[in-house]
1. Mind telling me which of the residues Glu55, Glu86 ends up being out of contact with any Lys or Arg (no Cβ under 7 Å at 6 or more places or on another chain), at pLDDT below 95 and open to solvent by 40 Å² or more (accessible area, probe 1.4 Å)?
2. If I ask for residues that are under 15 Å from Glu144 (Cα atoms) and either modelled with pLDDT of 95 or more or in contact with a helix residue (DSSP H, G or I) (Cβ under 7 Å, 6 or more places away or on another chain) (or both), which ones from region 58-69 would you list?
3. Could you list, in sequence order, the residues of region 89-107 that are hydrophobic (A, V, I, L, M, F, W, C), crowded, with 16+ Cβ neighbours inside 10 Å and over 20 Å from Glu138 (Cα atoms)?
4. Considering region 90-115 alone, what residues qualify as being over 15 Å from the mean Cα position of the chain (by Cα), closer than 16 Å to Leu61 by Cα and not hydrophobic (A, V, I, L, M, F, W, C)?
5. Which count do you get for residues in region 35-48 that are open to solvent by 70 Å² or more (accessible area, probe 1.4 Å), among the acidic types (Asp, Glu) and at pLDDT 95 or above?
6. Out of all the residues in region 58-83, which are over 14 Å from Asn37 (Cα atoms) and open to solvent by 30 Å² or more (accessible area, probe 1.4 Å)?
7. Got a number for residues in region 47-80 being in a strand (DSSP E or B) and at positive phi?
8. Is it the case that some residue within region 116-125 is under 10 Å from the mean Cα position of the chain (by Cα), farther than 14 Å from Thr38 by Cα and either outside any strand (DSSP E or B) or of a type in the set (A, V, I, L, M) (or both)?
Amino acid sequence: MIRRLSLPALLLGAVTLAGCAGFDATSNGPGDEPLENTYWKLETVGDREAIAIDEAREAHLVLHAEDSRLAGSTGCNRMMGQYELEGDRLSFAQVATTMMACPGEVMALERAFLDALGSVDTWQVDGKALTLVDAEGEALAHFEAVHLY
């Protein structure tokens with residue numbers, strides 16, 4: 001037996017599918033950068049501004065969705081590890097770095113950055129800005145999305 005759907009039902013189905021096609025569970029809303037697979041440049045950690053020195057990478061992170069892998073730089077050393085993402089809940093595990101020495105202010109930034117990653121509870125993306133937040137609702141670190149062409 002063949003059933004015919006009404007035109008309004010077909011239109012409603014098409015609109016529903018089109019609306020879901022652009023949805024990304026790792027962003028908060030339309031126009032927001034996705035949390036995963038985005039290069040997030042560290043802007044501040046706590047009240048400390050991120051600094052970059054010659055011959056060193058800027059502090060950043062990338063969350064690789066395919067294998068829940070963290071990659072990036074502390075501003076001095078390369079950083080790698082794992083992360084777990086469930087809705088707006090985010091945690092990092094097995095975070096490790098290379099062991100290069102850098103000037104004191106950069107090493108202090110590195111320590112603050114790594115400490116912040118160890119305290120993350122939730123995240124929020126607003127446009128091109130990512131904020132990592134602890135369990136008490138305090139902002140730990142702010143990042144800006146950077147597109148590498």
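1. Glu55
2. Across region 58-69, the qualifying residues are Ala59, His60, Leu61, Val62, Leu63.
3. Val95, Cys102, Val106, Met107
4. Gln94, Thr97, Thr98, Glu110, Arg111, Asp115
5. Matching residues across region 35-48 total 0.
6. Scanning region 58-83 gives Glu58, Arg78, Met80.
7. Matching residues across region 47-80 total 1.
8. no
The values are calculated or read from the model by the stated rules, or taken from the named source; none is laboratory data. Keep in mind it's a predicted model, so treat the numbers as computed, not measured. Cβ sites come from the backbone with ideal geometry, for glycine too, and all protein chains shown count toward neighbours. Calculation scope for accessible area: heavy atoms of the full protein, side chains included, ligands and nucleic acids excluded. Shrake-Rupley method; radii C 1.70, N 1.55, O 1.52, S 1.80 Å.
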